[in-house]
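Here the structure comes first, spelled out in structure tokens, and everything after it is commentary.
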Amino acid sequence: MSFSSLILLSAIFRVILILYGEWQDTHMEVRYTDVDYLVFSDASSLMASGKSPFERSTYRYSPLLAFLLLPNSFLHRSWGKFLFSASDLLVGFFIHTILKLRGVPENLCKLSVICWLFNPFTFTIGTRGNCEPIVCAMVLWIFICLMNGRLLQAAFWYGLIVHFRIYPIIYALPILVILDPQVFQRGCKSALQKWSGNEQKEPQRSCVKRLAQLLNPWFVIRSVLTRERILFGFISGSVFLFCTAFFFCLYGWDFLNEALLYHLTRTDPRHNFSIYFYHIYLQYDHELLVVEKLVSFLPQFLVQLVLISSFAQDLPFCCFLQTVAFVAFNKVITAQYFVWFFCLLPLILPWSNMQLKWKGISCIILWVGAQLHWLMWGYLLEFKGNNVFLQLWIASILFLAANTYLLISIIHNHRYAPVFSQLESRKSK
């Protein structure tokens with residue numbers, strides 16, 4: 001089957017799911033549509049009537065999202081679902097584009113794209129009305145811009161996507177790392193390192209040495225603050241600040257508190273996959289200090305720093321590891337967050353030595369099984385009213401352990417492949 005046929009089949013499948021969702025919402029007690037979509041639609045309706053989208057309680061997103069869904073008010077209520085599903089298909093197209101740029105054979109490209117287009121976790125997200133496919137598509141487009149040497153475009157879109165959804169801020173450091181003076185120089189076009197079925201050399205410098213260099217002020221001034229890095233930081237930061245200032249002028253502190261600051265100090269007493277939920281639940285009647293709210297970022301920060309120091313030159317792989325770790329250690333984890341790293345998984349599969357039988361299947365069973373185990377206790381709590389908070393917390397710890405094991409297994413079975421070739425190696429050829 002050709003790639004265009006895969007996209008067409010995926011599009012038809014998603015249209016059927018959207019139409020089915022409309023029927024289920026009308027005829028069944030359990031709705032197919034995500035509750036967040038109702039929040040988006042209500043906020044968009046408020047914007048269409050000249051009001052603030054933040055008058056809708058629990059709307060904690062950029063006003064850009066409500067703006068994109070304005071046709072929900074005058075065209076059809078499912079407009080957003082079609083928009084999100086189209087972004088879902090665009091992710092598949094971008095995955096194929098990135099892999100072809102890196103010289104991956106067509107058969108491996110199509111298999112990798114299938115892992116996205118026909119993944120139950122992903123095709124239900126857009127059709128149920130979740131906005132994450134837009135974010136995924138923009139992240140992959142930034143990769144394409146960088147691989148094609150379009151630094152200004154990459155910086156613009158990066159500033160915009162961080163404003164739209166704050167979590168891609170974690171990709172800032174690896175992006176800055178690959179803007180290496182040995183790769184990006186005036187008059188020299190950056191060369192992509194092509195895919196190879198052979199084992200690649202591991203990074204020569206140790207993680208400890210890289211961290212020591214980053215802590216050396218002279219090294220930072222001489223090697224880190226290059227023209228390309230300063231330009232990328234300035235443009236992306238300017239775009240982010242402009243969007244933030246613009247909407248602050250329109251909606252004031254409601255925008256700043258709900259769309260940005262809320263996510264830094266968020267505490268959610270409702271049960272979720274995070275290991276922190278039980279502590280937050282027990283302490284919810286007492287006002288938590290800001291330090292307590294921020295302390296959960298410390299494990300995330302340390303893990304992120306180690307991963308960036310080790311794998312930044314292999315950008316898609318580094319970003320995948322970062323996202324898995326970021327989600328696993330987050331204060332709040334819902335199923336929609338898994339899409340953040342599912343869009344990056346196809347980009348690393350061609351470089352994996354992991355065999356589907358049996359190692360791959362065992363990892364899938366372990367990860368899905370840990371979720372199902374958690375969902376069993378969540379069902380007893382939510383629908384049966386049983387007091388199983390402690391068991392649910394233990395299930396969250398087991399889910400974290402499953403994610404950690406999965407992360408380690410993927411690292412051990414990955415062939416390290418920097419995105420760009422170093423200038424010295426190209427000159428020596």
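The values are calculated or read from the model by the stated rules, or taken from the named source; none is laboratory data. Bear in mind the structure is a predicted one, so any value in this text is a computation, not a measurement. In this analysis, Cβ positions are derived from the backbone assuming ideal geometry, glycine residues included, and neighbour counts consider all displayed protein chains. What goes into the accessible areas is simple: the full protein's heavy atoms, side chains included, and nothing from ligands, DNA or RNA. Shrake-Rupley method; radii C 1.70, N 1.55, O 1.52, S 1.80 Å.
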Could you say whether any residue in the stretch 52-72 is of a type in the set (Val, Ile, Thr), out of contact with any helix residue (DSSP H, G or I) (no Cβ under 8 Å at 6 or more places or on another chain) and under 24 Å from residue 262 (Cβ atoms)?
no
Please list, ordered by first then second residue, the pairs with beta carbon atoms under 8 Å, 6 or more apart or interchain, first in the stretch 251-270 and at negative phi, second at pLDDT below 85 and part of a loop (DSSP other than H, G, I, E, B).
266/331; 266/332; 267/284; 267/288; 267/331; 268/331; 268/332; 269/284
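Inside the stretch 20-42, can you point out the residues that are loosely packed, with under 13 Cβ neighbours inside 10 Å and over 23 Å from the mean Cα position of the chain (by Cα)? Please lay out each step first, then the result.
Quick first cut of the stretch 20-42, residues loosely packed, with under 13 Cβ neighbours inside 10 Å only: 20, 23, 26-30, 35.
Of everything in the stretch 20-42, those that are loosely packed, with under 13 Cβ neighbours inside 10 Å and over 23 Å from the mean Cα position of the chain (by Cα) turn out to be 20, 23, 26, 27, 28, 29, 30.
Restricting attention to helices (runs of 4 or more DSSP H) lying wholly within the stretch 310-429, give those where 3 or more residues are of a type in the set (D, E, K, R) and open to solvent by 50 Å² or more (accessible area, probe 1.4 Å). If you could, list the steps in order and put the result at the bottom.
Working: elements: 315-328, 338-342, 361-382, 389-412, 423-427.
Per the criteria, 423-427.
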If residue 7 satisfies every condition in (1) open to solvent by 30 Å² or more (accessible area, probe 1.4 Å); (2) in contact (Cβ under 8 Å) with a residue 60 or more places away in the chain; (3) closer than 16 Å to residue 76 by Cα; (4) not charged (D, E, K, R) but one, which is the exception?
(3)
For the stretch 43-61, does any single residue satisfy the condition of being aliphatic (A, V, I, L, M), closer than 20 Å to residue 124 by Cβ, open to solvent by less than 60 Å² (accessible area, probe 1.4 Å) and part of a helix (DSSP H, G or I)?
no
Can you give me the number of residues within the stretch 80-109 that are crowded, with 21+ Cβ neighbours inside 10 Å and acidic (Asp, Glu)?
1
In the stretch 64-77, the residues that are crowded, with 16+ Cβ neighbours inside 10 Å and part of a loop (DSSP other than H, G, I, E, B):
69, 77
Counting only residues that are at positive phi and at pLDDT below 90, the stretch 51-103 contains a total of 1
Any idea which residue in the stretch 152-171 is nearest to residue 352 (Cα to Cα), counting only those that are of a type in the set (A, V, I, L, M) and open to solvent by 20 Å² or more (accessible area, probe 1.4 Å)?
170
